[in-house]
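This report concerns only the one structure given below.
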Amino acid sequence: MKQAIVARKDLGMGEGKLAAQVAHASLSAYEDAGSRTRKQWKGSGQKKIVLRGDNESQLFELADKAEREGIPHAIVRDAGHTQLEPGTVTALAVGPASEEIVDRITGDLSLY
């Protein structure tokens, strides 16, 4: 089991902003998962990786793949209180799900 969080590199988010957006994505996708999946992922150490996303359209393409696979996922849109305009898509979390399925969706991306 693992979760992959894809954060947009093109926005130039500061480190704190990036960390917050990754946390929002992770929690939102976790909440999208069923109770059995949540329990299994928590029991296995909550493995997660953060990957580099190029732009908004790439995040939506990956979200569509996750949807077709039937696995938990979440797109994060910023509230616009600090560095970004309201509604800016910042990150996507894919999973928790089996590593094999998550890798089928995000395996071509580089680490952030």
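Can you find a residue in the range 5-16 that is within 14 Å of the chain's Cα centre (by Cα), of a type in the set (D, E, K, R) and surrounded by fewer than 20 Cβ atoms within 10 Å (Cβ to Cβ)? Show your work before the answer.
The first filter runs over the range 5-16 and keeps only residues within 14 Å of the chain's Cα centre (by Cα), leaving 5-9.
With the extra rule that they be of a type in the set (D, E, K, R), the set shrinks to 8-9.
Add one more test, that the residue is surrounded by fewer than 20 Cβ atoms within 10 Å (Cβ to Cβ), and what stays is 9.
Yes, the range 5-16 contains a residue that is within 14 Å of the chain's Cα centre (by Cα), of a type in the set (D, E, K, R) and surrounded by fewer than 20 Cβ atoms within 10 Å (Cβ to Cβ).
Determine the pairs where a residue that is at negative phi, located within the range 70-87, has a partner that is of a type in the set (Ser, Thr, Tyr) with Cβ atoms under 6 Å apart, the partner being 6 or more residues away or on another chain.
So the pair list comes out as ALA74/SER28; VAL76/THR90; ASP78/THR88; ASP78/THR90.
Whether any residue in the range 96-109 is within 14 Å of GLN3 (Cα to Cα), of a type in the set (Asp, Glu) and touching a Pro at 6+ places or on another chain (Cβ under 8 Å) is what I want to check.
Going residue by residue through the range 96-109, those that are within 14 Å of GLN3 (Cα to Cα) are 96-107, 109.
Then drop every residue that is not of a type in the set (Asp, Glu), which leaves 99-100, 103.
Pick out the ones that are also touching a Pro at 6+ places or on another chain (Cβ under 8 Å) and you get none.
No, the range 96-109 has no match at all.
Taking the range 28-53 as the region of interest, how many residues are out of contact with any Leu (no Cβ under 9 Å at 6 or more places or on another chain), within 22 Å of LEU18 (Cβ to Cβ) and exposed (fewer than 15 other Cβ atoms within 10 Å of the Cβ)?
Narrowing the range 28-53 to residues out of contact with any Leu (no Cβ under 9 Å at 6 or more places or on another chain): 28, 30-48.
Among the residues that remain, those that are also within 22 Å of LEU18 (Cβ to Cβ) are: 28, 30-32, 46-48.
Still in the list and also exposed (fewer than 15 other Cβ atoms within 10 Å of the Cβ): 31, 46-47.
Qualifying residue count, the range 28-53: 3.
State which residue is nearest to the chain's Cα centre (by Cα) when the search covers only the range 55-96 and only residues that are part of a helix (DSSP H, G or I) and among the small types (Gly, Ala, Ser). Can you show your working first?
Let us first name the residues in the range 55-96 that are part of a helix (DSSP H, G or I), namely 56-69.
Subset that is among the small types (Gly, Ala, Ser): 57, 63, 66.
Values: SER57: 14, ALA63: 9, ALA66: 11 Å.
Selected residue: ALA63.
Just to be sure, is GLN40 at pLDDT 95 or above, at negative phi, touching a Ser or Thr at 6+ places or on another chain (Cβ under 9 Å) and polar (S, T, N, Q)?
So GLN40 does not fit the description; no.
Quick one: how many residues across the range 91-112 are more than 18 Å from THR37 (Cβ to Cβ) and either in contact with a strand residue (DSSP E or B) (Cβ under 7 Å, 6 or more places away or on another chain) or buried (at least 24 other Cβ atoms within 10 Å of the Cβ) (or both)?
Here the count works out to 5.
The values are calculated or read from the model by the stated rules, or taken from the named source; none is laboratory data. Computed from a predicted structure; not experimentally measured. Virtual Cβ from ideal backbone geometry, glycine too; neighbours counted across all protein chains shown.
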